[in-house]
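Data first, discussion second: the structure below is written as structure tokens.
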Amino acid sequence: MSVPLRKLLWVTVTALDEGGAADAFLADAQRYRRELLAHCYRMTGSLHDAEDLVQETYLRAWKSYKGFQGKSSVRTWLYRIATNTCLTALDSSKRRPLPSGLGQPASDPTGELTERHEITWLEPLPDAPREDPSDPSVIAESREAVRLAFVAALQHLPPRQRAVLVLREVLQWKAAEVGAAVGTSTAAVNSLLQRARAQLEEIQPARDDRPVPPESPEAAEVLNRYIDAFERYDMDRLVELLTADAIWEMPPFDGWYLGPADIITLSKVHCPAENPGDMRFLTTTANGQPVAALYMLNPETGAHEAFQLHVLDLRETGIAHVAAFMDVRLFAKFGLPARL
């Protein structure tokens, strides 16, 4: 065998070995996919974008596998790649709000509804099964860290502040680790974190009442009563379930509604249902919160078809917030059927 041919074969075999090692490495790294999805979701406010960014993270990790020197854990290395992938994507994208975050006053429930499809709205995140509470993916995806109100508040922060706050407050990284991940000094990290905390507190003041876990008997009872009121088309029964300062919003409509009286008026004036039985529900969870998936009767087909996902912020004092997402594409992401 000639020397050039032998050299060519050695290069080819080495490349195959390295490629195989990278594939094996990333196959093992797949166990972090769910928590990376939650991380990218917190950064972007979008389930669809987060899925794409996680794919991009693994692609970048596969391409740069040879440069991984083991100075940090695989998990930390992947988070660094994911964070910078998100920051790059956020350079060219707008923040994703809920209607209540647009800065306009509460709407008249008897007024016209205005759809704003030019706005990239916040999306909910389906919950993952929690089998082992000691699993780091469960810790990283704690309920408070993915609650809809928290993720909505994060969208008001500049991307770098957002990254610093998530890495420090949610993942509990040291300031030096965060600085290395986002390419800045420890002093700059502390300054960014201080500003992010102040702005977050202004956007989302702390509540006195605690959230109710979605799997608790209390949550099940309230959710059943909530669904029963809709299915019976008895909107007045919602009064006893809502807090005095409850908020209702339903992107892509840009209005938001404050207080039980206005929420009930909105339901009576604008809900397309006319009779008991027009609405049916399935239940699931998202963002660590109960979800009532609404199916509306289509008179033409006689079937109940996907209509809205109601993500409930259930507190000790009642339902404090309902985000009724009207993007029916989300039903498939939640493993829900398109019709009943």
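Rounded to two decimals, the Cα-based Rg/Rh of segment 30-125, with Kirkwood Rh, is 1.14. For the chain, a crude dipole built from +1 on the beta carbon of Lys and Arg and -1 on the beta carbon of Asp and Glu, taken about the Cα centre, is about 1940 debye to the nearest 20. For PHE253, enumerate residues with amide H under 5 Å from its amide H, sequence gap 5+ or separate chain, H modeled in the peptide plane. Answer set, sorted by chain and number: ARG116. Result for the chain in a Gaussian network model with C-alpha springs under 10 Å: among VAL311, VAL54, VAL328, the largest mean-square fluctuation is at VAL328. Label reach from GLU144 (point 7 Å along Cα→C-beta): in segment 152-172, amide nitrogens under 15 Å belong to 166-172.
For the chain, take the longest principal axis of its alpha carbons; what is the angle in degrees between that and the long axis of helix 74-90, to the nearest 10 within 0 to 90? Orientation of helix 74-90: about 60 degrees from the principal axis. In degrees between 0 and 90, to the nearest 10, how far off the longest principal axis of the chain does helix 186-203 point, with axes built from Cα atoms? Computed tilt is about 10 degrees. In the chain, excluding the sites themselves, the longest stretch lacking any of the GluC sites (Glu not before Pro) that are in a DSSP loop with at most 13 other Cβ atoms within 10 Å is 1-111.
Between 0 and 90 degrees, the angle of helix 47-63 with respect to the longest Cα principal axis of the chain falls at about 10 degrees.
For the chain, the C-alpha radius of gyration sits at 1.16 times the compact-globule guess of 2.2 N^0.38 Å, with N the residue count. DSSP bridge analysis restricted to the chain gives an antiparallel fraction near 90%, rounded to the nearest 5. Within a straight-line Cα-Cα reach of under 17 Å, LYS63 can be paired with the following aspartates and glutamates, leaving aside sequence neighbours fewer than 8 residues apart in one chain: ASP17, GLU18, ASP23, ASP28, ASP52.
Any read-out appearing in this document is the output of simple, stated calculations on the displayed coordinates, not a laboratory observation. Quantities reported herein were computed from a predicted structural model and do not represent experimental measurements. Please note: Cβ atoms are built from the backbone with ideal geometry, for glycine as well, and neighbour counts cover all protein chains shown.
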